[in-house]
Every structure is written in structure tokens, then in C-alpha cells.
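I have placed the structure first, in the form of C-alpha cells, so that the comments after it can refer back to it.
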Amino acid sequence: MTGVSLGHAAATDIGSRRANEDAYLMDPPLFAVADGMGGHVAGEVASRTALSVLAQEVKNDSAALLAATREANRQVHEKAGADLNLAGMGTTMTAFLAAASSAQIVHVGDSRAYLLRGGRLTRLTEDHTLANRLVRQGRIRPDEADRHPQRSVLERALGVNAAIEVDVQNIDVRPGDRFLLCTDGLTSVLVDEQIQEILLAEADPQAASHRLVSEVVEEGGEDNVTAVIVDYPGRREGAPSVEGSVWIPTPTPPPVPETAPPSPSARPSRGRRRALWLASSMGILLLLALAARMALGAAWYVGDDEGRVAVFQGIPGSLAGIRLNSVAARTDIPTDSLTEVYQRRLREGMPVKDRTQAESFIREIGELQQAPSLPEATSSPQAGPKPPASPTVGKKP
Ligand code: MN
């Protein structure tokens, strides 16, 4: 136990998306947000799985938070590998474990933790995005990063690879400190000054979290948006206590390929049984092949094709000798002209949401090359025309 009673509250909104792939966890002293990615239901599965594992594994012991995060990564990655519908899924995760006079934050991806102290808002986490890399390299200004087309291209996400690099920090807490955990749906619409203003204006965590989310909705935020607030006792008093809970978005049943053979009503003759058996096993194969094709058609990644950067449709690797991907577009960017980090990620395959995101990502890595070269994707027969100059990626334009 922390020995302190923390005020806390959360709010979320689906935005204009088909599903809410954000998830949050309020299980004092543990709090977290996660923003899932992947086709169909995969994003929801990834964020929910990660937070469920986190809640199970963390037993009020700050030493366990990092281990729990690694376990969450392992389980999301395992699920993604076991089901074609979930292939390539991943999630951001920013988690906060409170103690009496300190707190620990673990973080992967582009969700964020903020601290409001002495009336000033400070960002505690660093986005693991391509846009943030461009900021660190001085190519774009920090205030441009949150509106950048590539702001949601993640360089790190939980569940995508077997190994994961996690940012961990320990913070000395002071009375009255207010912490905010949020997904990028919030920070791609509201600037830090607006967030600070709302957190200062609304003393009650419930009111503050709801106002943050509703202002994003009012401004037309398209992405899922989630905010979790944790208040240490101090100047803020009388904060309502909410029972610990894992929030689960509107459930969508995963599409399950129909594999049950037809059940004949009357007992058929041997010849007919044979014919039925053949028909049903062929039907199963056909349905499985169709399910695989559907899953693969929806998945995209950027990877290496014979030493050059390429856009792939499908997932990396092969199954029973059958390649699970095809090259959708090739570039003339040599993979080994990029930094070590990118070379490794490209050889593993970097999942992206769709073709548009793949192409804008390639434009960026083209610019990151040591020697300048043509960053544009050369079209393959199925590639079609080039995308417009200003790509719309992921979340909000
Ligand atoms: Mn998001």
C-alpha cells in the first residue's frame, strides 16, 4: 500500500473511429493508458491484453513494474504470432505506480505522462516516434511534432517484437502533485498550454479528465482519446475515490473463420460420407485460405527486400513454406544506408497502419539517409498513382 489516498479519475472517447483501441487501468496504486494498433480487432486486443497482464503482474512492488511490462510485451507478442487476425499488433503503454513519496513510470510509445506541480505542467515522457526523432535532430521544431504527419509512426511499441526497450523513471513526489497519463488522441489536438489550463481550472480529477476529453471531441478530434488523472493529497482535497477497474472498450467479437463441416441430417451411405468428408475438408482449407488472405490483405509493413527498403502487404515470414507477404512497392533506398536501429527494424519488418502510412514513412527515412537519395516509392503494377504531397497518417490531419 502507498499509505496515501490518491484522487484519481479517467475519461475516454472513441472519437470518429470505428472502435476504441485505447484502454486504461485504474487499480491504485497502479494506473496506465495504452493505445493499441493493428487491423480489425487487433489494436483493441493488444491494448487490453497489455493492461490485463500489467494488473495481474504488478503486486504493489515497484520492482515488479518493469518485469510486468516485459511480461505484457511477451504475451501480446505471443498472441500476435498465434493468430493471423492479430498479426503485427502492438500497443503503446504508459504506466504509473504510486508510492507514498515517490512514483515510478514505465513507458513505450507515444502516449504520455505529465506532471502538474506548482501551477506548471511538465512532460515526463519522450515519444518514441519518428516525428520526435526529427525534433531531436533539429529538423523540425518541438511544437511542430504534435501536428506532424508522421507523429504517429512509432519507433517502439509493446508486443511488436520479442524484445522490448522500456523507458523507466523514478520521481520524487510532493504533496499536491497531479499526474496525467494520456494517449496521443489528446496531445495531437490540445497543446501543452491548453492541457495545463484545464488541469489548473478543474480541481476535481473527474471533472478535469472529462473536460480534457470533451475539449478534444469539441475540436473535432478523430482519434480515440483517453486521460487518466492521479492526484496526490495536498492542496487538492475532497477528491472522490473511485473503485479500481480495468476499462474495457465496446467489445467487438473477433471474426472467426467458419470451419464446422456440414452435419447431414440423415445417416449417409459410405460413398456419400466420403464425398461429404472431401467436400468439408476442402471447404475448411478454402475458408482457412480465405481467412488468411483477408488477414494478410489488411496488414502492411515496411521492410527489406534484397537490400532495398520496400513496402509489403502481409506479415513478415512464411507458414509451411508459403510466404505470407508480397512486395507492394519497392524503393531505391539501400537498407544499409540507414542507421543501425532502422536496419534492424526493417529486417524484422515495421508494421504500419496502411499503405499511405507506409509511403509517408518511407519519405521520412529517405530524408534520414546518410547520403541523399530518391525517397519516393517506385510503383509496382498494383501500386497505382503516387499519394498526394501531404499524406494523412493515422490519427488527425
Ligand atoms: Mn491514438
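The values are calculated or read from the model by the stated rules, or taken from the named source; none is laboratory data. These figures come from a predicted structure and were not determined experimentally. In this analysis, Cβ positions are derived from the backbone assuming ideal geometry, glycine residues included, and neighbour counts consider all displayed protein chains.
Points to keep in mind about this one:
- Applying the set (1) within 20 Å of Ser209 (Cα to Cα); (2) not aliphatic (A, V, I, L, M); (3) not in a loop (DSSP other than H, G, I, E, B) to Thr69 leaves exactly one unmet item: (1).
- Residue match in the stretch 382-396 (condition: at negative phi, hydroxyl-bearing (Ser, Thr, Tyr), over 20 Å from the mean Cα position of the chain (by Cα) and at pLDDT below 75): yes
- Those residues of the stretch 196-212 which are of a type outside the set (D, E, K, R) and away from the ligand (no atom under 16 Å from the Cβ), in sequence order: Gln196, Ile198, Leu199, Leu200, Ala201, Ala203, Pro205, Gln206, Ala207, Ala208, Ser209, His210
- The one condition in (1) surrounded by fewer than 22 Cβ atoms within 10 Å (Cβ to Cβ); (2) more than 17 Å from Asp35 (Cα to Cα) that Val166 fails to fulfil: (2)
- Lys59, sole failed condition from (1) in contact (Cβ under 8 Å) with a residue 60 or more places away in the chain; (2) out of contact with any strand residue (DSSP E or B) (no Cβ under 9 Å at 6 or more places or on another chain); (3) in a loop (DSSP other than H, G, I, E, B): (1)
- Selection within the stretch 157-187 - closer than 28 Å to Pro233 by Cα, of a type in the set (A, V, I, L, M, F, W, C) and within 16 Å of the ligand (Cβ to nearest atom): Leu180, Leu181, Cys182, Leu186
- Residue match in the stretch 33-40 (condition: crowded, with 24+ Cβ neighbours inside 10 Å, on the phi > 0 side of the Ramachandran plot and of a type outside the set (Val, Ile, Thr)): yes
- Test: residue in the stretch 302-320 that is modelled with pLDDT under 85, in a strand (DSSP E or B), touching a Pro at 6+ places or on another chain (Cβ under 7 Å) and not basic (Lys, Arg): no
- Filter result for Leu25 (over 15 Å from Met89 (Cβ atoms), touching a helix residue (DSSP H, G or I) at 6+ places or on another chain (Cβ under 6 Å) and in a helix (DSSP H, G or I)): no
- Applying a threshold of 7 Å to beta carbon distances and a minimum spacing of six or more residues, or different chains, the list of pairs starting in the stretch 110-124 at a residue that is under 17 Å from Ala98 (Cα atoms) and ending at one that is in a loop (DSSP other than H, G, I, E, B) and within 16 Å of the ligand (Cβ to nearest atom) reads Arg112/Thr125; Ala113/Thr125.
- Taking the criterion of being in a strand (DSSP E or B) and surrounded by 12 or more Cβ atoms within 10 Å (Cβ to Cβ), the residues of the stretch 120-147 that qualify are Leu121, Thr122, Arg123, Thr129.
- Verdict on Leu116 being more than 23 Å from Ser47 (Cβ to Cβ), among the hydrophobic types (A, V, I, L, M, F, W, C) and modelled with pLDDT of 95 or more: yes
- Qualifying position, being more than 24 Å from Val216 (Cβ to Cβ) and within 16 Å of the chain's Cα centre (by Cα), among Thr92, Thr49: Thr49
- Some residue of the stretch 13-22 being of a type in the set (A, V, I, L, M, F, W, C) and more than 15 Å from the ligand (Cβ to nearest atom): no
- Consider the stretch 221-230 and keep the residues that are over 16 Å from Ala34 (Cβ atoms) and within 15 Å of the ligand (Cβ to nearest atom). The one that is surrounded by the fewest Cβ atoms within 10 Å (Cβ to Cβ) is Glu222.
- For Ile333, the criteria (1) in contact with a strand residue (DSSP E or B) (Cβ under 9 Å, 6 or more places away or on another chain); (2) modelled with pLDDT under 80; (3) more than 16 Å from the ligand (Cβ to nearest atom) hold in every case but one, which is (2).
- Every test in (1) without any contact (Cβ under 8 Å) to a residue 12 or more places away in the chain; (2) crowded, with 16+ Cβ neighbours inside 10 Å is passed by Val106 save one, and that test is (1).
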